[in-house]
Amino acid sequence: MWSNMSAAPFLLTGFPSLEAAHHWISIPFFAVYISLFLGNGTLLYLIKHDYSLHEPMYYFLAMLAGTDLMVTLTTMPTIMGVLLLNHREINHTACFIQAYFIHSLSTVESGILLAMAYDRFNAICNPLRYTTILTSTRVLALGVGAFMRGFICIMPVIMRLFSFPYCHSHILSHAFCLHQEVMKLACADITFNNLYPVVTISLTIYLDSLIIFFSYILIFHTVMSITSGEERAKAFKTCISHIGCILIFYVTVIGISFIPRFGKNVPRVVQIIMSYVCFLFPPLMNPIIYSIKTKQIQYSFFRLFSQHKCGN
């Protein structure tokens, strides 16, 4: 059918050996996506319209919610297409662009979590200078910097994918495109594409997690020096939501980056499930964590609900 195998589209698999159950599997996936849109969309709406939330912490939270929505919009079309419509083919350009956005947004999310740690560090360790340090201009600069870093550093390896010939099997192991999966199908020297992501991940996601870890050591040291038990507990509570989001994101992302390289004996199905967890679980849990653990978000939601109720 294809005279030039290099031009043949890639085939997305979804869940190998479970193709007969794809329609049933699509139901929980659809429910998760609806929850993602509602949760992150509600956060963005509250932060935009409630002036009590116009603070650096919530601006960063809005960036996080926006990034999670973009991850959702990037993966949803192909996942639901495979599971619900059995539409498995994806052309090279669409596949590479999807991989670019998936990996870029993961790096962006790491940068935003780092910026949120910087916000918490200044709020607790430099409370008197907090408003002069976290100005609107600096908050915007940190957000723009996180996005620029994410989208620029991933570009070299994705650009190389466009130049590779693809004469091996065109079957991918997921319902979306990942760089590490696509490059294995190339009939070319992929040394650069093997090494560059390791360096990039080390200088972004791993380094971010290390900086966040040390920032929280300083934060906890400062909190423990507070004499008032009530004030100490209040300071800890302001960090709980952020710590929860950090653990969910870095455990899943670092796990999925280590398994393909070092987990040779890990069953393939585990790697596939981990990839779905990595791109769906953090966006699903982030708004839940902040809604449960942040009273200002709860108050804002109840005010919004009361206004709509009174309006009806």
**Prompt:** Counting other Cβ atoms within 10 Å of each Cβ, which chymotrypsin sites (Phe, Trp or Tyr not before Pro) in the range 157-237 have at most 14 and sit in a DSSP loop?
**Reply:** none
**Item:** Mean separation of Cα contacts under 8 Å, 6 or more apart, over the residue count of the chain: relative contact order %
**Value:** 25 percent
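From the convex hull of the Cα coordinates of the range 156-238, what is the mean projected area in square nanometres?
It is 8.1 nm².
Work out how much length A188 to V251 would gain on full extension: take 0.36 nm times their residue separation and subtract the Cα-Cα distance, in nm to one decimal.
Full-extension gain reported as 19.4 nm.
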**Asked** If you find the alpha carbon centre of the range 192-211 and of the range 97-152, how far apart are they in angstrom?
**Response** 17 Å
**Item:** Length gained when the stretch I133-Y196 is fully extended (0.36 nm per residue, less Cα-Cα span)
**Value:** 19.2 nm
**Message:** Give me the extension gain from I273 to C125: residue separation times 0.36 nm, minus the current Cα-Cα distance, reported in nm with one decimal.
**Reply:** 49.3 nm
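What helices in the chain pass both tests, a Cα length along the helix axis of 18 Å or more and a mean Kyte hydropathy of 0.5 or higher, using whole DSSP H runs?
Helices meeting the span and hydropathy rule in the chain are 22-49, 56-85, 92-125, 136-153, 207-224, 229-262, 268-293.
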**Request:** Divide by every residue of the chain the summed helix terms, -39500 (n - 2.57) for each DSSP H run of at least 4, and state the resulting mean residue ellipticity at 222 nm, rounded to the nearest 500 deg cm²/dmol.
**Result:** -25500 deg cm²/dmol
**Request:** Report, by chain and number, residues whose modeled amide H sits under 5 Å from the one on I171, excluding near sequence neighbours (fewer than 5 apart, same chain).
**Result:** L11
**Prompt:** How many lysine pairs are close in the chain, with Cα atoms under 29 Å apart and the two 8 or more places apart or on different chains?
**Reply:** 12
**Item:** Equivalent ellipsoid dimensions for the range 5-305 as semi-axes, Å, which come from the Cα gyration tensor, largest first
**Value:** 37, 22, 17
**M224-V144 FRET efficiency (beta carbon distance; Förster radius 35 Å; 0.05 resolution)** = 0.50
**Asked** Which FRET efficiency value, to the nearest 0.05, do you get for L304 and M159 by plugging their Cβ-Cβ distance into 1/(1 + (r/R0)^6) with R0 = 45 Å?
**Response** 0.55
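Every read-out reported here was derived from the displayed coordinates using simple, explicitly stated rules and does not represent laboratory data. Here the structure is a predicted model, which means the values were calculated and not measured. Please note: Cβ atoms are built from the backbone with ideal geometry, for glycine as well, and neighbour counts cover all protein chains shown.
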